[in-house]
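Trainee: Before I ask anything, here is the structure I am working with.
The values are calculated or read from the model by the stated rules, or taken from the named source; none is laboratory data. This one's a predicted model, so the numbers in the text were calculated from it and none came from an experiment. With ideal geometry, Cβ positions are generated from the backbone for all residues, glycine too; neighbour counts draw on all protein chains shown. What goes into the accessible areas is simple: the full protein's heavy atoms, side chains included, and nothing from ligands, DNA or RNA. Shrake-Rupley method; radii C 1.70, N 1.55, O 1.52, S 1.80 Å.
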Amino acid sequence: MGRVYNFSAGPAVLPEEVLKEAADEMLDYQGTGMSVMEMSHRSKAYDDIIKTAEKDLRELMNIPDNYKVLFLQGGASQQFAAIPMNLMKNKVADYIITGQWAKKAYQEAQKYGKVNAIASSEDETYSYIPDCSDLPISEDADYVYICENNTIYGTKYKTLPNTKGKILVSDVSSCFLSEPVDVTKYGVIYGGVQKNIGPAGVVIVIIREDLIRDDVLEGTPTMLKYKTQADNDSLYNTPPCYGIYICGKVFKWLKKMGGLEVMKKRNEEKAAILYDFLDQSKLFKGTVRKEDRSLMNVPFVTGDKDLDAKFVAEAKAAGFENLKGHRTVGGMRASIYNAMPKEGVEKLVEFMKKFEAENAK
Ligand SMILES: *Cc1c(COP(=O)(O)O)cnc(C)c1O
């Protein structure tokens, strides 16, 4: 049985090369006589793994020295609480609601302070990114929060909001390492790795050092305090060792591919194949405002629920997995992360053309 084209939104496709390497090292990691899964997180071998992973990530993203890189657990969802607990000095924050993940973060933050929804695209099922050039940013806001790529709806910020000098916090779970970013524009960049980097179980937090403080909200658990994690180089307790090891391999793979500029170009090419087809198709259509389209998650519909279901079923039979849209939106969604080969997208479009011809009205 060969590998399928896996269009899952997450956990998602990983580079085959990385999986093969991990398989080769499964029983004996570089002469240690054990798997990375069996290794002490305090061992020399593991110390090299986590330090090299951080170094490579810093290189890929050009992370300045005054930012810490943390490898944590609890998923992106745990950060929905950790962020207000650590950053809410004035107990005020502004959130831009561009989808379900941003909304969940907004709702969670309400437990900790006064949280304002300063813009939203909920009125049109989150099919666009609101104009963020002149928002009513609160004078005493501790930060402005965005979800930069909306995994479920397939939108992406093409320009960052004007935060009027406030700290920007961004959930980049589904666009992590898909293109270069200017880290200096953010106070916190974070994401679960299971979309575009590695296996579920690791969340990476990149945080400017001056935001790592002792005076966090009262009652903040030790584990959720960024200072605890930063002071201990993500080794306060046992980290998600194996997941970090795979992330490290993906960082090496990305470096070998040529880095994030090259990945961006590749991702643009891949996405264009699909969007160009959708734009001229008589059966399928994209659901997102053109200028806000994500390079990573591409939702589309036929406009007929039964036909959508038929498409998903026939696609699956033909080796295209996980094309069903999110349960809250319906239709289809193709997630075409870094590790999805261009050939996978080309073949999908071929299949869509065939389906269109067979199902023309
Ligand atoms: C998947 C996802 C989440 C939730 O991630 P978990 O690791 O499951 O908590 C949050 N934000 C975005 C943008 C996502 O795509």
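Trainee: Given the conditions (1) open to solvent by 20 Å² or more (accessible area, probe 1.4 Å); (2) touching a residue at least 24 places away in the same chain (Cβ under 8 Å); (3) in a helix (DSSP H, G or I); (4) touching a Leu at 6+ places or on another chain (Cβ under 8 Å), which single one is not true for residue 310?
Mentor: (4)
Trainee: Okay, moving on. Of these, 204, 244, which one is of a type in the set (Val, Ile, Thr), within 16 Å of the ligand (Cβ to nearest atom), closer than 18 Å to residue 19 by Cβ and at pLDDT 95 or above?
Mentor: Within the list 204, 244, the selection yields 244.
Trainee: Could you list, in sequence order, all residues of the range 142-198 that are away from the ligand (no atom under 15 Å from the Cβ) and among the charged types (D, E, K, R)?
Mentor: 142, 158, 164, 166, 179, 182, 185
Trainee: Okay, next question. Open to solvent by 10 Å² or more (accessible area, probe 1.4 Å), outside any helix (DSSP H, G or I) and free of Cβ contacts under 8 Å to residues at least 40 places away in the same chain - does that describe any residue in the range 259-274?
Mentor: Looking for residues that are open to solvent by 10 Å² or more (accessible area, probe 1.4 Å), outside any helix (DSSP H, G or I) and free of Cβ contacts under 8 Å to residues at least 40 places away in the same chain, one finds none in the range 259-274, hence no.
Trainee: Residues that are closer than 30 Å to residue 125 by Cα, open to solvent by 70 Å² or more (accessible area, probe 1.4 Å), in a loop (DSSP other than H, G, I, E, B) and of a type outside the set (A, V, I, L, M): does the range 2-19 have at least one?
Mentor: Checked against the condition, which is being closer than 30 Å to residue 125 by Cα, open to solvent by 70 Å² or more (accessible area, probe 1.4 Å), in a loop (DSSP other than H, G, I, E, B) and of a type outside the set (A, V, I, L, M), the range 2-19 yields at least one hit.
Trainee: Within the range 27-39, is there a residue that is assigned by TED's automatic domain parsing to the domain that holds residue 239 and under 20 Å from residue 229 (Cβ atoms)?
Mentor: No; the residues of the range 27-39 include none that is assigned by TED's automatic domain parsing to the domain that holds residue 239 and under 20 Å from residue 229 (Cβ atoms).
Trainee: So which residues in the range 275-306 are part of a helix (DSSP H, G or I) and within 18 Å of residue 195 (Cβ to Cβ), if there are any at all?
Mentor: The initial filter retains those residues of the range 275-306 that are part of a helix (DSSP H, G or I), namely 275-280, 290-292, 305-306.
Within the range 275-306, no residue meets the criteria.
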